[in-house]
1. Rounded to the nearest 0.05, what FRET efficiency do residue 182 and residue 160 have when you use their Cβ-Cβ distance and R0 = 25 Å?
2. Positive end of the dipole of the chain, charges at C-beta (+1 Lys, Arg; -1 Asp, Glu), about the Cα centre: which of 115, 16, 59 has its Cα farthest in that direction?
3. Provide, for the chain, the number of lysine pairs with alpha carbons under 21 Å apart, each pair being eight or more places apart or on different chains.
4. With a 10 Å Cβ neighbour count serving as the proxy for reagent exposure, in which order, fewest first, do 123, 135 appear?
5. Zone of residue 145 (label point 7 Å along Cα→Cβ, backbone N under 17 Å): which residues in segment 187-213?
6. For segment 18-124, which GluC sites (Glu not before Pro) pass both filters: DSSP loop (anything but H, G, I, E, B) and at most 16 other C-beta atoms within 10 Å?
7. Rank the residues 17, 43 as a footprinting-exposure proxy: fewest other Cβ atoms within 10 Å of their Cβ go first.
8. Work out how far the C-alpha atoms of segment 6-71 reach from end to end along every principal axis, then list the three figures in whole Å, largest first.
Amino acid sequence: MVRVARSSKVDQAYEIIKNRIAHNTYGPGTRLVFDQLARDLDISAVPVREAVRRLEAEGWVTYQPNVGAQVASFDVEQYRATMETLALLEGYATATAVSHIDEKTLRKARGINEQMRTGLARFDPLSFTRLNHDFHVLLCAKCPNLHVRGLLEREWQRLDLLRRTSFSLIPGRARESVNEHDTLLHLIASGADQATIEGFSRWHKLNTLRAVAHH
């Protein structure tokens, strides 16, 4: 009989529970009962408990006395503030990166965006969000201002800690986002001025915020 290491079971429980939260199978406020989850996942309660503790540390789960572990609520105001900050930072970083973005980088960015477009048919909000992040990291990485790049990293981490991918709330926004990426890459490749690129990049980010706010 092959025994599965407890650490592997923790990782397994962590990924399953995190995916269910991100896909809204476990909505905000849902209680996470260890014994019930253990039966559902066909593992013991110990790795489930460790997985939930990891999710709590990452902001996906909260713990309250006399209530227990439950899925964290979506903090709309914090999300708004973070997205507005990212719109400013990503707009500036993308615009100032233009002179450092070569054809190889553009090809890679187009490739990521095509993966996003292909994924629309069988939409997975977590995978789509990861690719979207990779797309913007690739362009912003060419920004010559190291301080701005450091600020971006912190805001990206803050957004990740908000627990829920916005594309799980507004899946219709995904196709619009891919099309806007096409336009952004065209502006860069055609030599548009920095002000135009910065304005479009900022508008692109705020479009997601507006869609979530409308939702």
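Derivation of every value follows stated rules applied to the coordinates shown; laboratory data play no part. None of the values given here were measured: they were computed from a predicted structure. In this analysis, Cβ positions are derived from the backbone assuming ideal geometry, glycine residues included, and neighbour counts consider all displayed protein chains.
1. Numbers: r = 25 Å, r/R0 = 1.01.
It comes out at approximately 0.50.
2. Positive-end residue among those listed: 16.
3. 5
4. So the residues, fewest neighbours to most, are 123, 135.
5. Answer for this model: 194-203.
6. Working: sites: 50, 56, 58, 77, 84, 90, 103, 114; in loops: 58.
Here the GluC sites (Glu not before Pro) that fit, given the DSSP loop and packing criteria, are 58.
7. Working: 17 24, 43 20.
Starting with the residue having the fewest Cβ neighbours, the order is 43, 17.
8. Largest first, segment 6-71 extends 26, 26, 21 Å along its Cα principal axes.
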